[in-house]
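Below is one structure, written out as structure tokens, with a few remarks after it.
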Amino acid sequence: MKRFDCLKVIESFMTDEDIVVANVGNTSLEWHTIRPSPANLYNVNLGQCTPVGLGLALALPTRRVMAFDGDGNVLLNLASLADAAYLRPSNFRIIVFDNQAYESPGCLPTATAHGTDLEAIAKGAGIKKTLTIRSLEEFVNKIQLVFNEKEFCLVVAKIETGTVGTRPINMDGKRNKYQFATYIEDTEKKPVLRLRSQSPLVE
């Protein structure tokens, strides 16, 4: 099962209002290719994707927020699963693309290549609704139902290494951050940017 194919399935049932936080590396490249949107926050650093998504879900309870995380990222910050389990915003979805490798720096194996079970860890952290998916057919059959239910959940997608069909993201991290923040200001009518005195949303 390839991550690119999984992302295409997810995109097929998403709305323009859905917010996506994508982790650093190939996930962001692939997602930008499939669904370029100001509602995407790309290249969130190692260990920070799920926490950033959690914060957005809590701050924007009427929006569906998805964190596209990876096994290496989650393993670096397992406390984020405990925090998410405790706060459990019903509009938050975590999908962990587990290729059992730190792919960008040369495919060094992660702990999941040696038996670590991220779904079991998530359950142990207190996340009630979890699922591990190992084939594209199963992904197609289950993922939309899981994401459309009004319940916080975590899905582990066991994928192959490698990436396909990507194009460069024509923006640096700062530009994407401010583009995303501006999008939230425009759609939620709330000030976000640091220069709040210049925001039209502040009286």
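The numbers here are math on the coordinates, done by the rules we state, and not lab data. As the structure is a computational prediction, the values presented were derived from the model and not from experiment. As a convention, Cβ positions derive from the backbone with ideal geometry for all residues, glycine included, and neighbour counts pool all protein chains shown.
Worth a mention:
- Excluding same-chain neighbours fewer than eight residues apart, the aspartates and glutamates reachable from LYS129 by a Cα-Cα span under 12 Å are GLU119, GLU149, GLU151.
- Trypsin sites (Lys or Arg not before Pro) restricted to DSSP loop in the stretch 84-160 with at most 13 other C-beta within 10 Å: LYS128, ARG134, LYS150
- Tail fraction, Cα-Cα pairs, the stretch 1-78, threshold 19 Å, whole percent: 32 percent
- For the stretch 1-56 versus the stretch 124-153, the inter-centroid distance based on Cα atoms is 16 Å.
- Using only side-chain charges placed at the Cβ, +1 for Lys and Arg and -1 for Asp and Glu, the dipole size of the chain relative to its Cα centre rounds to 340 debye.
- Modelled spin-label separation between LYS177 and ARG134, with each label point placed 7 Å from Cα along the Cα-to-Cβ direction: 4.1 nm.
- For the chain, the antiparallel share of DSSP beta bridges with both residues in that region comes to about 10%.
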